[in-house]
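Please read the structure below before turning to the comments.
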Amino acid sequence: MPDPATFEKLRPCGRLETHSTARHHLGLYKNVGLTAEYKVPSNTQLRLESHVYGALRHVISHNSNLSAIALNEDQSYPNAYFARLPAINLQTCVEFLERKTPFPEDGESDQEMDKILVQQHSRDFKQDLGSKPFWQVIIVTSLVDVTKFTATWVWHHALADGISGFVFHDSFLAGLNSLKEGDNTDPIIKSPTSALLPPLEELHPMIISWSFFLRAILASILPAIFAKRPAKLWTGKAVPSDVTMESKTRLRTLVISKATTTKLAEASRREKTSVTATLQCLLAASLFSLLPAAEYHRLTIEGPMSVRRFLNVKDDQMTDAFTLYNFLHERTESDAQTGSILRYFSWDTARAVKSVIAAEAAKGGNDNSIALLKYVSSMDQFLLGKMGKPRTPSAEISNVGVWKGVQSQETQSETKWSIGRMVFSQSHNIVANPFAMNVVTGGDGNAVASFCWSEAAVDEDFMYKVIDGVREGVEELVVGEPER
């Protein structure tokens, strides 16, 4: 086995990247993933394995982070660093599986894929360090339908953020469409020599105002006064005091049909809000409908937001760059039909959530909570300090948006590869929220929300009811919306 200490040292892991390397080292968070369904063109001649290897050669040649691994993960900045693998053997990081059930149709759930994702999000990248990359691709085919396959890219979060999942699949699709018979499809690839992009703190000044800084310091020193926990706030079960007590990630997806997704987007636009804000409020409504009113009156829902637009980064480059917004939901009941999830839903609140997101975006990446990580001297101690304590926030919603290649696909030839359904997913974050709702809309127009949690954070039966509540809320909200 190669000695990683002899690999080319690229650069120290940045502060945000070190947060991910520490979580990975401690077993608190394993990986993130984006799945895409690919439709095989009518003129395909090469074996699928050759297509996959050829396309991945294209992706790796254009993205130097895919040949980088993080070393010294047990240390903090600047000792944790990225090193370059001399070469990548795709046979060590690409897995081919065969489905037992048909591929899902419009609006149908995919329990078999859910099980595959649970397995992938229970893995980390510690084994055989230096012999394979910090990512994996899982190709799932079907003997019943050879016109499709799914490709799941699962990666270490220090390598890239959620939006970078689109970059991977855009590049993979381009590689498939440019591959010709006779092109190199060898599974062993020499790593590119191009430099890694700088970390977030070198791509953006992340200016912190004195008022923002003082609030953070006071909240840290005197949390009982300046970071007082809201009364009757639900955040699931407390973080376990022992990491080994935490069970593996659980996952279930909610699939919203193309027609319903379109209606939801239209209703949100008409009400001057966004799909993200609407889904967040439906999630809060579902929780409020299940939680006892006498005990729980408030929820805090947090969401990551990309700051890529404020960086000198091209659209086809992968990076790890985001900030966070936070919204406090208060229990209210409307005159909606008794027993309906919409009793706890309000368009006014959805507009308020959108305003909070817009206000965070207007900062341009400044007064960013991520910038405060530079004041953390030991990331391990920072994370382990959360063990045994109440969680925060109540939930996370992470919406990477709509895949941008949809329109160009509608007019392309049948001799081209195309992308259908997508699923954005991740392992459960042990020391943070009790669960996360991860949303993406792929080439088939279906909005897919994957929910991830662990039994030590929230009971499975409860989560199933939460998910069913969101589904019911979406369906009730679009009743009466015109067909498009």
Of every Cα-Cα pair in segment 4-188, the percent that sits beyond 25 Å: 36 percent
For peptides 157-166, 125-134, sequence by mean Cβ density within 10 Å, most packed first: 157-166, 125-134
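Under the 0.36 nm per residue contour assumption, what length would be gained going from the current alpha-carbon distance of residue 194 and residue 238 to full extension?
Values: separation 44, 0.36 × 44 = 15.84 nm, distance 4.42 nm.
The span from residue 194 to residue 238 would gain 11.4 nm if fully extended.
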For segment 106-230: span of alpha carbons on each principal axis (Å, largest first): 64, 42, 33
Distance in nm between pseudo-label sites at residue 109 and residue 356 (7 Å out along the Cβ direction from Cα): 2.8 nm
Helical segments meeting 15 Å axial Cα length and Kyte-Doolittle 1.6 threshold in the chain (DSSP H): 275-290
For the chain, Kirkwood radius (reciprocal of mean inverse C-alpha pair distance, Å): 23.3 Å
Modelled FRET efficiency - R0 45 Å, residue 218 with residue 468, Cβ distances, 0.05 increments: 0.60
Pair residue 258, residue 408: separation of 7 Å Cα→Cβ label points (nm): 2.0 nm
Protection-proxy order for peptides 275-282, 361-368, 289-296, each taking the mean of Cβ atoms within 10 Å per residue, highest first: 275-282, 361-368, 289-296
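Expressed as a fraction of 2.2 N^0.38 Å, the rule-of-thumb size for a compact globular protein of N residues, what is the C-alpha radius of gyration of segment 325-443? Let's see the in-between values first.
Values: Rg = 19.8 Å, N = 119, 2.2 N^0.38 = 13.5 Å.
Normalised Rg, Cα atoms only: 1.46.
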Burial ranking of peptide ranges 62-74, 99-111 (average Cβ count within 10 Å, highest at the top): 62-74, 99-111
Rounded to whole Hz, the Karplus (6.51, -1.76, 1.60) HN-Hα couplings of segment 135-142, x for glycine and proline: 7, 8, 10, 10, 9, 10, 10, 9
Förster radius 25 Å - calculated FRET efficiency between residue 209 and residue 312, Cβ distance, rounded to 0.05: 0.60
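Give the shape of segment 264-310 as rounded, prolate or oblate, defined through the alpha-carbon gyration tensor: a ≥ b ≥ c are the square roots of its eigenvalues, a/c under 1.5 means rounded, and otherwise the shape is prolate if a/b is larger than b/c and oblate if not.
Working: a/c = 3.81, a/b = 1.57, b/c = 2.42.
Judged from the Cα gyration tensor, segment 264-310 comes out oblate (a/c at least 1.5, b/c at or above a/b).
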Potential extension, residue 225-residue 324 segment - 0.36 nm per residue separation minus Cα distance: 33.4 nm
Between segment 411-484 and segment 257-326, the Cα center-to-center distance that results, in Å: 11 Å
Other-chain or far-sequence residues with amide H under 5 Å of residue 447's (modelled H): 256, 261
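FYI, it's all coordinate maths here, none of it is from the lab. The shown structure was predicted, so the numbers you read here are calculated from the model rather than taken from an experiment. Methodologically, a virtual Cβ is constructed for each residue, glycine included, from the backbone with ideal geometry; neighbour enumeration extends over all protein chains shown.
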